[in-house]
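One structure is given here, and the rest of the page talks about it.
The values are calculated or read from the model by the stated rules, or taken from the named source; none is laboratory data. The model shown is predicted, which means the values in this text are computed figures rather than measured ones. Because the Cβ atoms are built from the backbone with ideal geometry, glycine has one as well, and the counts that use them run over all protein chains shown. Areas reflect the complete protein model, heavy atoms only, side chains present, ligands, DNA and RNA absent. Shrake-Rupley method; radii C 1.70, N 1.55, O 1.52, S 1.80 Å.
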Amino acid sequence: MAAAAASASCRRRPIAWFFAIAALLFFFSWYLLLDSAAVTPEPLLAARGQGLRVGSSGRKCDPATAALRVFMYDLPAEFHFGLLDWEPQGGGGGGGGVWPDVRGGGVPEYPGGLNLQHSIEYWLTLDLLASEQGAPTPCGAVRVRHAAAADVVFVPFFASLSFNRHSKVVPPARASEDRALQRRLLDYLAARPEWRRSGGRDHVVLAHHPNGMLDARYKLWPCVFVLCDFGRYPPSVAGLDKDVIAPYRHVVPNFANDSAGYDDRPTLLYFQGAIYRKDGGFIRQELYYLLKDEKDVHFSFGSVVGNGIEQATQGMRASKFCLNIAGDTPSSNRLFDSIVSHCVPIIISDEIELPFEDVLDYSKFCIIVSGADAVKKGFLMNLINGISREDWTRMWNRLKEVERHFEYQYPSQNDDAVQMIWKAIARKAPSIRLKVNRLRRFSRFETNRTDETPTRSSWLENQPS
């Protein structure tokens, strides 16, 4: 009997082991499934659906296939995300912990309102970090760790945010923190071999706010600036031959699923904003008195205070044409609000430069009028009334096609504003390379200079004439 029991027990043991192993495999597979769901945030899932290169397995962008290879300085956090009250956590995917980990929920938020219109430093820096950390990105520009392998050198100073937050002098200080940051940035660059090698000619500096880099711009003149316009820059410091014009980040929301065609927009011409401006903005007053009593024209004062953005959103979406008139500076975010509202822009600003105009034909979706013509009595209304329904509809459809080129977002997507800026910089790369190579013609005879650290006086010696 004992032998029979032992034999039966031996026959049951393999069955028990089989079920035990099966149970373990079952629970282990569920653990892997739940764990993978937990570390994949919604932005990454959305990015996969949009065809972006998602580095969820740690795969980074390949510099060999990128349109632009970028060396980015590991500036201290006080120059970039520290301005957003972010504190280094000791990781950040390289750079000694000065950068946030952008692969999950670690992206610091940017302040809203009008701060957003000049936020390009934030979006471009995030995209470079994504290219290195394996986060979603189209990989148009890729961060490289050695300047010798780069097309350009990127200076990640959030100059616009620094001006917006720290341009006022706080006693007992004699100068603003914004100016102090600019001075520290100049000292940092002067000590870098990358700067000394090129004299800054291959450096990309973002100063989208018209008052950003107000002091440092005159010492950084060899750099490639990314700006909103040249209104407050002398020709010796900035110009189209070396610099890039970038769009504002629109303030009104996108008009998704827009079916409001010609007959669904009762207002013929729309403008709401500050009317009395200085400098080139005097034309706003002249146009106000010419147009305020015209039929189906909305021309009134407005601001972002209260529900101003909501009013502008509704007004633009209900209008066929939207006026974009020079103000204190040649450009404003109003143009890009018009574009995403699919309200055909009428641009009246003789000194304006338009983003990506070397690849975009603005005449297909905008009407550009000289200031001298615009202030002639009856000229503007006759021009607008002469545009047929078919021509307007053609421009309206084109606006819906091009609006993606003016969209800032993270993760960045193919041909959005971030990628368009990288491409614009890439088109400057041959010219940048020529300037740097010409500068280095006689470098072999200057063996002692490479070990010298430039002083502040050396910056002054290199001022533009």
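State whether the residues of the stretch 126-140 include one that is under 15 Å from I425 (Cβ atoms), of a type in the set (D, E, K, R) and under 15 Å from the mean Cα position of the chain (by Cα).
Scanning the stretch 126-140 turns up at least one residue that is under 15 Å from I425 (Cβ atoms), of a type in the set (D, E, K, R) and under 15 Å from the mean Cα position of the chain (by Cα).
Select, from G55, G51, G93, G82, the only residue that is within 30 Å of K428 (Cβ to Cβ), modelled with pLDDT of 95 or more and of a type outside the set (A, V, I, L, M, F, W, C). I'd like the intermediate steps shown before the answer.
On the way: G55 fails: modelled with pLDDT of 95 or more; G51 fails: modelled with pLDDT of 95 or more; G93 fails: modelled with pLDDT of 95 or more.
Sole residue among the options that is within 30 Å of K428 (Cβ to Cβ), modelled with pLDDT of 95 or more and of a type outside the set (A, V, I, L, M, F, W, C): G82.
Collect the residues in the stretch 123-137 that are farther than 19 Å from D151 by Cβ, assigned to a helix (DSSP H, G or I) and not aromatic (F, W, Y), keeping them in residue-number order.
L126, Q133
Pairs please, first residue from the stretch 179-198 and within 15 Å of H146 (Cα to Cα), second anywhere and part of a helix (DSSP H, G or I), Cβ atoms under 6 Å, 6+ apart in sequence or on different chains.
E194/A147; W195/L189; S198/V436
Just give me the residues in the stretch 138-191 being within 21 Å of L126 (Cα to Cα) and in a loop (DSSP other than H, G, I, E, B), in sequence order.
Listed by number, the residues that qualify are P138, C139, G140, R145, H146, A150, D151, P156, F157, F158.
Considering H298, H250, which residue is in contact with an Asp or Glu (Cβ under 8 Å, 6 or more places away or on another chain) and not in a helix (DSSP H, G or I)?
Only one candidate qualifies: H250.
Looking for whichever is surrounded by 17 or more Cβ atoms within 10 Å (Cβ to Cβ), among the aliphatic types (A, V, I, L, M), in contact with a Leu (Cβ under 9 Å, 6 or more places away or on another chain) and modelled with pLDDT of 95 or more here; the options are I425, I432. Which one fits?
I425
Of these, Q419, Q409, which one is buried (at least 21 other Cβ atoms within 10 Å of the Cβ), under 16 Å from S131 (Cα atoms) and modelled with pLDDT of 95 or more?
Just a single option satisfies the conditions, and that option is Q419.
Cβ-Cβ distance below 7 Å, separation of 6 or more or different chains: which pairs start in the stretch 248-262 with a residue that is under 10 Å from K400 (Cα atoms) and end on one that is at pLDDT 95 or above and open to solvent by 50 Å² or more (accessible area, probe 1.4 Å)?
Close Cβ pairs satisfying both conditions: F255/R317; D258/K400.
Considering only the stretch 359-370, state which residues are open to solvent by less than 10 Å² (accessible area, probe 1.4 Å) and not in a loop (DSSP other than H, G, I, E, B).
Correct list: Y362 only.
What number of residues within the stretch 328-358 are in contact (Cβ under 8 Å) with a residue 40 or more places away in the chain, of a type outside the set (A, V, I, L, M) and part of a helix (DSSP H, G or I)?
Result for the stretch 328-358: 4.
Hey, among the residues in the stretch 105-122 that are outside any helix (DSSP H, G or I) and touching a residue at least 24 places away in the same chain (Cβ under 8 Å), which one's most open to solvent (accessible area, probe 1.4 Å)? Quick ask: steps written out before the conclusion?
Filtering the stretch 105-122 for residues outside any helix (DSSP H, G or I) gives 105-112, 119.
Applying the additional criterion that residues be touching a residue at least 24 places away in the same chain (Cβ under 8 Å) yields 105, 107-111, 119.
Values: G105: 86, V107: 39, P108: 14, E109: 157, Y110: 32, P111: 27, S119: 0 Å².
Ranking the candidates gives E109 first.
Okay, residues lined up against (1) open to solvent by 20 Å² or more (accessible area, probe 1.4 Å); (2) touching an Asp or Glu at 6+ places or on another chain (Cβ under 6 Å); (3) over 21 Å from P355 (Cα atoms):
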site	(1), (2), (3)
R103	yes, no, yes
L124	no, no, no
D127	no, no, no
P138	no, no, no
R143	no, yes, yes
A147	no, yes, yes
F154	no, no, no
F157	no, no, yes
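Which of the following residues is under 24 Å from R433 (Cα atoms) and modelled with pLDDT of 95 or more: L181, L214, L227, L161? Steps first, answer last, please.
Numbers: L181 fails: under 24 Å from R433 (Cα atoms); L214 fails: under 24 Å from R433 (Cα atoms); L161 fails: under 24 Å from R433 (Cα atoms).
Matching residue, one of L181, L214, L227, L161: L227.
Could you tell me whether any residue of the stretch 215-224 is among the β-branched types (V, I, T), surrounded by fewer than 22 Cβ atoms within 10 Å (Cβ to Cβ) and in the same structural domain as L161 (by the TED database)?
no
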